[in-house]
Amino acid sequence: MPAETPHLHLLAKAPLAGQAKTRLSPLLGLEGAANAHAELVRHCVANACKALPAANVTLWTALDHAHPLFIELREAFGVTLSAQPEGDLGARVRHALNSIPGPAMLMGSDCPSITSALIATCAQQLASFEVVMLPAEDGGYGFVGTQQDYPALFEGIPWGTQRVLATTQQRIEALGLRAAYPATIWDVDRPEDWQRWKGLPASM
């Protein structure tokens, strides 16, 4: 681990039926999709706390900040809960990364392919690179780490499209930053993603 352990942030919606993981509803129904979302959040928080001390993990909540899932995770793992601010995804990501001084990392709460070992690798890489990123198979990314504030990485990005990663990499190059990409990951958005995860060994 680097001399200064990075802080890790996760963004998560409350698992409300009809408002969380709705693209899974053709397979699971709205309630089932919300339950799937809760399972993913639990899994990702557990991985985060295997890789880093709970004191270095913040879960940023949305929709219902006092939802029982968030209280459960705070009590089970000792993570900090904070409410996501208003704004687009880029603004919320940047706010989280810069909420605490020092190097910081952020991961999605729907990326079960980001293992605790991979989180630890990213933390180590962040000691040598200004930016660490895990590209996603869908053209986005599921994890970003920064040594300090780089506003251009998160402003004017076409969020939710297949151009997110390419646009961000162009910004990294334009800023002259050194970046590491330790692995390519995938997240759970569609029914086939859910089935893919459920087919993995439990150790993942």
Positive minus negative residues near Ala62 (Lys, Arg vs Asp, Glu; Cβ under 15 Å): -1
Segment Thr167-Ala76, length gained on full extension (0.36 nm per residue, minus Cα span): 29.0 nm
Backbone HN-Hα couplings from phi across the stretch 77-85 [Karplus 6.51/-1.76/1.60, Hz, Gly and Pro as x]: 10, x, 6, 8, 9, 9, 7, 5, x
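Helix-derived [θ] at 222 nm for the chain: sum -39500 (n - 2.57) over DSSP H runs of at least 4, divide by residue count, nearest 500? Before the final figure, lay out each step's value.
Values: 6 runs with 76 residues, N = 204.
For the chain, the value works out to -11500 deg cm²/dmol.
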Computed lengthening from Ala152 to Asp64, 0.36 nm per intervening residue step minus Cα-Cα distance: 28.7 nm
Probe 1.4 Å, accessible area per residue of the chain, Å²: 45 Å²
Option label - P(r) over Cα pairs in 10 Å bins from 0, in percent computed here, alternatives [x] 9, 37, 40, 14, 1; [y] 8, 34, 35, 17, 4, 0; [z] 7, 28, 30, 16, 10, 7, 3, 0: [x]
Proximal lysines to Lys21, defined as alpha-carbon separation beneath 21 angstrom and excluding residues fewer than eight positions away on the same chain: Lys13, Lys198
R0 of 22 Å, Cβ-Cβ distance Thr22-Ala91: FRET efficiency to nearest 0.05: 0.45
Alpha carbon convex hull of the stretch 1-78, projected area averaged over orientations, nm²: 5.3 nm²
Beta bridge orientation in the chain: antiparallel %, DSSP, nearest 5: 35 percent
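If you take every DSSP beta bridge fully contained in the stretch 87-204, what fraction is antiparallel? Give it as a percent rounded to 5.
Values: 9 of 12 bridges.
Within the stretch 87-204, antiparallel bridges account for around 75 percent of the total.
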Solvent accessible area, Å² - Lys198, 1.4 Å probe, full protein context: 100 Å²
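Could you check how much of the accessible area of the chain is carbon and sulfur, as a whole percent, using a 1.4 Å probe?
Working: 4580 of 9120 Å².
Carbon with sulfur: 50 percent of the solvent-accessible area.
The values are calculated or read from the model by the stated rules, or taken from the named source; none is laboratory data. It should be emphasised that the depicted structure is a prediction, and the values quoted were computed from it without experimental measurement. A quick note on method: Cβ atoms are made from the backbone with ideal geometry, for glycine too, and the neighbour counts reach across all protein chains shown. We work out accessible area using only protein heavy atoms, side chains counted, and drop any ligands, DNA or RNA first. Shrake-Rupley method; radii C 1.70, N 1.55, O 1.52, S 1.80 Å.
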